[in-house]
Amino acid sequence: MRFFRALSFAVGAACSQGPAAGTAAASGADMTFHLTSPSFADGQPIPARYTSDGEDVSPALHWSDPPLGTRTFALVVHDPDAPDPRAPKRDWVHWVLYEVPADARSLPEGAALADLPPGTREGRNDWGETGWRGPSPPIGRHRYFFELHALDRALPELTTPSRHDLEAAMKGHVVGTATLVGTYAKAGR
């Protein structure tokens, strides 16, 4: 009898939180949104292939299922340690993407606009260009934050937005953010 009371309580508690909460609680599913790369682990060095010292191609990215209500994704890759990690003066932006479709779960290595999921739009990096520009730190080991934002709506056409423009358009519409951090220092520096 004690088992049935406990089971009844658990089912009642799950149902009172709504269908999504009940399903997650009953299945034990992890509802955390994760971003990973097969090229480097979180907190570890980014291989030179993805930097100005190598081929300067974007690393492949993969992510788990986003929060419920996600309509699109936006990606910002930035370096908060520029120009010197001991005395950072600016947060340098390397890549801006938005309107990545909600059903996408990855970006390929070396992604050019034609390789991105249909409907994806590009913003401007801090070189004033679209597309990926990899790490090229002038001094020290820098951190590179890959931030994938799940949004509850499609964004309007922003005409090649900067990071600032994109973040202003996303304000109040981010339902989750998955972050991957890589590091890089030029050889001999």
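The values are calculated or read from the model by the stated rules, or taken from the named source; none is laboratory data. These figures come from a predicted structure and were not determined experimentally. Cβ placement follows ideal geometry from the backbone for every residue including glycine, while neighbour counts extend to all protein chains displayed.
Filtered by the rule that a residue be touching a helix residue (DSSP H, G or I) at 6+ places or on another chain (Cβ under 8 Å) and part of a strand (DSSP E or B), segment 51-90 gives ALA74, VAL76, HIS78. In segment 112-141, the residue that is surrounded by the fewest Cβ atoms within 10 Å (Cβ to Cβ) out of those that are among the hydrophobic types (A, V, I, L, M, F, W, C) and modelled with pLDDT of 95 or more is TRP127. Is there a residue in segment 90-103 that is more than 15 Å from the chain's Cα centre (by Cα) and of a type in the set (A, V, I, L, M)? For segment 90-103, residues more than 15 Å from the chain's Cα centre (by Cα) and of a type in the set (A, V, I, L, M): absent.
Checked against the criteria, ASP56 counts as closer than 23 Å to ALA187 by Cβ and of a type outside the set (Ser, Thr, Tyr). Report yes if THR160 is among the β-branched types (Val, Ile, Thr) and either free of Cβ contacts under 8 Å to residues at least 40 places away in the same chain or surrounded by 15 or more Cβ atoms within 10 Å (Cβ to Cβ) (or both), otherwise no. So THR160 passes the test. For segment 137-153, a residue qualifies if it is under 21 Å from THR179 (Cα atoms) and either in contact with a Gly (Cβ under 8 Å, 6 or more places away or on another chain) or not in a strand (DSSP E or B) (or both), and the qualifying residues are PRO137, ARG141, ARG143, TYR144, PHE146, HIS149, ALA150, ASP152, ARG153.
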